[in-house]
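Asker: Can you keep this structure in mind? I'll have questions shortly.
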Amino acid sequence: MASNESMRPLASSNSELPARHPAALTILVLALLQFVWLLLYIRTYWSLVDIGAVSVLKALIGFVGCVFLYIGAARFVANSMRGRKLFFVSCALMALSVWVWRPQAPWSYPYIAGCVVAIVGWWFSGREARLLRIGG
């Protein structure tokens, strides 16, 4: 005869699901706003690459950084222990991209905003992981 413990479904309670960090949705919304801001300059980016002012490889660095930011924000919403490395790599790539696009130019501002969002996401995801490790 089987015990009651073995008859119980695997995901029977919500306590087994990871808790969502209160700032997770805010970070996701900020990342989406950065995406919209980036789309406003998409023609400018294309024109700069088209005329040869910036190489395609250098332009892709920033876009890959943005994709990492969006994936990191989505993973952070799903589980507050995830996304830390993606936020870090995203910030590094976008910071490099700001240098490529020139910090004084207005089309580099979405990347600066993306760096700030990535740093905040990196901070909160690391803080959450530390709190869960400590048990507080």
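The values are calculated or read from the model by the stated rules, or taken from the named source; none is laboratory data. This one's a predicted model, so the numbers in the text were calculated from it and none came from an experiment. Don't worry about glycine lacking a Cβ; one is built from the backbone with ideal geometry, like all the others, and counts go over all protein chains shown.
Asker: Applying the selection to the stretch 39-76, what residues are under 27 Å from residue 20 (Cα atoms), buried (at least 17 other Cβ atoms within 10 Å of the Cβ) and not small (Gly, Ala, Ser)?
Answerer: If the condition is that a residue be under 27 Å from residue 20 (Cα atoms), buried (at least 17 other Cβ atoms within 10 Å of the Cβ) and not small (Gly, Ala, Ser), then 66, 68, 69, 70, 75, 76 are the ones that fit.
Asker: Do we have residue 90 as modelled with pLDDT of 90 or more and either in contact with a strand residue (DSSP E or B) (Cβ under 9 Å, 6 or more places away or on another chain) or farther than 18 Å from residue 24 by Cβ (or both) here? If you could, list the steps in order and put the result at the bottom.
Answerer: Details: modelled with pLDDT of 90 or more: yes; either in contact with a strand residue (DSSP E or B) (Cβ under 9 Å, 6 or more places away or on another chain) or farther than 18 Å from residue 24 by Cβ (or both): no.
Spelling it out, it is not the case that residue 90 is modelled with pLDDT of 90 or more and either in contact with a strand residue (DSSP E or B) (Cβ under 9 Å, 6 or more places away or on another chain) or farther than 18 Å from residue 24 by Cβ (or both).
Asker: Additional query: What pairs can you find where one residue is in the stretch 71-97 and in contact (Cβ under 8 Å) with a residue 60 or more places away in the chain, the other is crowded, with 18+ Cβ neighbours inside 10 Å, and their Cβ atoms are less than 8 Å apart, with a gap of 6+ or different chains?
Answerer: Close Cβ pairs (under 8 Å, with a partner that is crowded, with 18+ Cβ neighbours inside 10 Å) amount to 80/21; 80/24; 80/124; 80/125; 80/128; 81/125; 81/128.
Asker: A further question follows. Being closer than 23 Å to residue 49 by Cα and of a type in the set (Gly, Ala, Ser) is true for just one of 113, 78. Which residue is that? Show your work before the answer.
Answerer: Numbers: 78 fails: closer than 23 Å to residue 49 by Cα.
Within the list 113, 78, the selection yields 113.
Asker: May I ask you to list the residues in the stretch 83-128 that are part of a loop (DSSP other than H, G, I, E, B) and surrounded by 18 or more Cβ atoms within 10 Å (Cβ to Cβ)?
Answerer: 83
Asker: May I ask you to verify whether residue 35 is aromatic (Phe, Trp, Tyr), in contact with a helix residue (DSSP H, G or I) (Cβ under 6 Å, 6 or more places away or on another chain) and modelled with pLDDT of 95 or more?
Answerer: No, not satisfied.
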